[in-house]
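Structure, as structure tokens:
Where a number appears in this text, it was derived from the coordinates with a stated rule and is not lab data. As the structure is a prediction and not an experimental result, all values here were calculated from the model.
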């Protein structure tokens, strides 16, 4: 099953079962499609960027809050190991991404239709 979602970073992406992600189009300056989804997961956990940065530093990734902000807004490329580190700090495994993408897309859709909070 594929989910098509226009992210707030200007990226349209499709998500299939088993976490296959295909970036369809990007606005200039946007370099990842997963950042907004990672932000969504962080916010669902109730963490600030500063709190998540501290957890990532304890896990051995020397990252600043500003770099995390760039990741979340899609303007910084990140490696698979960095994605896994963020997921681990949030208490998730990569398996969460399929549901997270679908949930993120559903929330974006409801906000566009005036049903979500702004």
Contour minus Cα-Cα distance for residue 45 and residue 109 (0.36 nm per residue): 20.9 nm
Under the 0.36 nm per residue contour assumption, what length would be gained going from the current alpha-carbon distance of residue 81 and residue 96 to full extension? 3.8 nm
Compute the Cα gyration tensor for the range 66-110, then decide on rounded, prolate or oblate, letting a ≥ b ≥ c be the square roots of its eigenvalues: rounded whenever a/c is under 1.5, prolate when a/b is larger than b/c in the other cases, and oblate in all that remain. oblate
